[in-house]
Amino acid sequence: MLRKSTIERPLLYSIILNGLIAFTELGGGLLSNSLALISDALHNFSDFIALIISFVAARVMRWDNNERKSYGYFRVEILAAFINATALVLIGVYIIYEAVSRLYSPEDIHSRLMIIIASIGFAANIVSVFLIRPYRSESLNAKGAFLHLASDAANSAAVIVVGILISVYNLRFLDPVISIAIGLLIIKSSWDLLIESANILTEGSPKGIDLRDVAEFIRAFPGVKGVHHLHIWSLSTNFKALSAHIVVDDTQLSNTTEITQSLEGQLSDKFGINHPTFQLEASPCENDLISQYRDRDLHKNTNE
């Protein structure tokens with residue numbers, strides 16, 4: 001049984017906090033003329049939108065399956081994670097672009113206002129991080145929200161330090177420098193999430209599962225003579241599916257029940273595959289329906 005999400009209420013609190021942070025920092029950044037503070041505000045605003053998407057996704061995932069959505073709405077989680085990660089990468093690129101143009105002509109900055117506003121943002125982000133932290137391993141959706149908030153807290157802390165250095169030593173060039181660092185941090189923190197969610201959306205093999213290993217395991221299973229048309233994919237973070245044609249001895253269907261039930265349990269325990277579907281055959285089918293994994297592929301990779 002897949003767990004229902006329990007992250008809705010913490011997400012709602014974080015949405016409210018991030019909305020307040022984003023508009024406060026944007027106003028403070030414009031008044032203080034700090035690109036670093038404006039960059040942090042843009043990051044927080046992207047989080048504000050991303051958290052709303054995450055909240056909606058967490059709610060939608062609770063909907064029951066129906067005739068049109070036989071698997072339910074678990075894939076919404078992955079779509080939300082992909083949108084969040086894409087937004088972060090684009091925000092990071094934009095911040096770096098703006099920072100590079102200002103790097104060659106540093107502008108005057110009201111550092112004290114910059115420090116005050118950044119401190120408020122840091123405090124609010126820390127609260128949001130602790131609200132989401134217990135749920136970060138629940139799903140990619142929760143992981144994406146946590147990454148947003150954790151990077152926000154780090155960004156705000158960096159802006160505070162830069163504000164102090166500007167105030168004490170008048171190092172105005174640090175404002176665009178820290179903005180570039182924020183942009184790079186945003187891109188780095190979101191890139192793995194973007195790749196992982198894109199892999200799921202394109203029906204790639206789940207992270208940490210090697211198709212060859214699964215094929216070898218099934219083929220060596222007692223009572224199994226061969227495997228082909230093997231496919232493994234994820235519907236969501238916690239929903240890993242498998243379909244395969246399995247060759248067994250020509251016997252009554254009731255005699256194969258022990259094989260399929262034992263194989264289901266072993267695939268769940270060993271690979272975390274919780275939704276396997278098997279088509280049993282007395283001899284390999286010859287229909288090349290779609291891209292597939294055949295026994296000959298197993299032999300080829302074993303001999304290489």
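The values are calculated or read from the model by the stated rules, or taken from the named source; none is laboratory data. As the structure is a prediction and not an experimental result, all values here were calculated from the model. Using ideal geometry, Cβ is built from the backbone for each residue, glycine included, and neighbour counts are taken over all protein chains shown.
Here are the numbers:
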{"read-out": "Residue satisfying condition, being over 15 Å from GLY144 (Cβ atoms), part of a helix (DSSP H, G or I) and touching a residue at least 12 places away in the same chain (Cβ under 8 Å), within set ALA81, ALA22, ALA58", "value": "ALA22"}
{"read-out": "Residue within segment 38-48 that is surrounded by fewer than 23 Cβ atoms within 10 Å (Cβ to Cβ) and assigned to a loop (DSSP other than H, G, I, E, B) present", "value": "no"}
{"read-out": "Residue match in segment 244-257 (condition: within 30 Å of GLU196 (Cβ to Cβ) and not β-branched (Val, Ile, Thr))", "value": "yes"}
{"read-out": "Qualifying residue in segment 6-14 (condition: free of Cβ contacts under 8 Å to residues at least 40 places away in the same chain, within 21 Å of the chain's Cα centre (by Cα) and surrounded by fewer than 17 Cβ atoms within 10 Å (Cβ to Cβ))", "value": "yes"}
{"read-out": "Residue in segment 253-304 that is modelled with the lowest pLDDT, counting only those that are β-branched (Val, Ile, Thr) and assigned to a helix (DSSP H, G or I)", "value": "THR302"}
{"read-out": "Residues (of a type in the set (S, T, N, Q) and in contact with a helix residue (DSSP H, G or I) (Cβ under 8 Å, 6 or more places away or on another chain)) located in segment 223-239", "value": "SER234, SER236, THR237"}
{"read-out": "Condition met for ILE115 (crowded, with 23+ Cβ neighbours inside 10 Å, assigned to a helix (DSSP H, G or I) and in the same structural domain as LEU26 (by TED's automatic domain parsing))", "value": "no"}
{"read-out": "When residues of segment 227-273 are limited to those that are buried (at least 21 other Cβ atoms within 10 Å of the Cβ) and of a type in the set (S, T, N, Q), the one nearest to ARG75 (Cα to Cα)", "value": "SER236"}
{"read-out": "Of all residues making up segment 178-194, the number that are within 13 Å of ASP152 (Cα to Cα), under 13 Å from the mean Cα position of the chain (by Cα) and crowded, with 21+ Cβ neighbours inside 10 Å", "value": "1"}
{"read-out": "Elements of type helices (runs of 4 or more DSSP H) in segment 131-233, at least 2 residues being within 22 Å of ALA99 (Cβ to Cβ) and modelled with pLDDT under 85", "value": "140-169, 174-201"}
{"read-out": "Single match in GLU98, GLU25, GLU77, GLU67 (criterion: of a type in the set (D, E, K, R) and surrounded by fewer than 17 Cβ atoms within 10 Å (Cβ to Cβ))", "value": "GLU67"}
{"read-out": "Residues being farther than 14 Å from LEU37 by Cβ and not β-branched (Val, Ile, Thr) - total across segment 166-180", "value": "4"}
{"read-out": "Meets criteria (part of a helix (DSSP H, G or I) and outside the structural domain of ASN274 (by TED's automatic domain parsing)) for ASN65", "value": "no"}
